[in-house]
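Written out below as structure tokens is the structure these notes cover.
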Ligand code: FES
């Protein structure tokens, strides 16, 4: 099983906000919303749009390419044209540092 990898200091991502990191050969978007951190693969399941470039609306990220929506808390697809969930990854915060573990 992959290990947790440090992404950044918690203070580096505003609330609400997001940032993209490369972790274990994955591009991962880390979100900070309402005091919690979440992580999704930085790839829309419709056609590979970079979700980290999308607009954040509450707990939804909107793909910048064709407007699909995903729930940042679990990667569930919420709006077409995507029809498949995007992978979500495990996040923990320890001593002000954000760590991500890739879910394979
Ligand atoms: S690539 Fe994301 S909606 Fe098309």
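Each value in this text was obtained by applying a stated rule to the coordinates, not by laboratory testing. Only a predicted model underlies this, so the values are computations on that prediction, with no experimental measurement involved. FYI the Cβ positions are ideal-geometry reconstructions off the backbone, even for glycines, and counts take in every protein chain you see.
I'd like the distance between the alpha-carbon centres of region 85-104 and region 1-61, rounded to an integer number of Å. Rounded to whole Å, the Cα centres lie 9 Å apart.
Oblate is the label for region 1-48, because the ratio a/c of its alpha-carbon gyration tensor axes (a ≥ b ≥ c) is 1.5 or higher and a/b is not greater than b/c.
Computed from label points 7 Å out along Cα-Cβ, the spacing between residue 12 and residue 95 is 1.7 nm. Max-minus-min Cα coordinates of the chain on each principal axis give 39, 29, 17 Å, with the largest extent listed first. Highest average first, the peptides 72-85, 36-49 ordered by how many other beta carbon atoms sit within 10 Å of their residues are 36-49, 72-85. Between residue 3 and residue 66, the modelled labels are 4.0 nm apart [label points 7 Å from Cα along Cα→Cβ].
Each of 99, 27 was scored by other Cβ atoms within 10 Å of its Cβ. Arranged with the fewest first, they read 27, 99.
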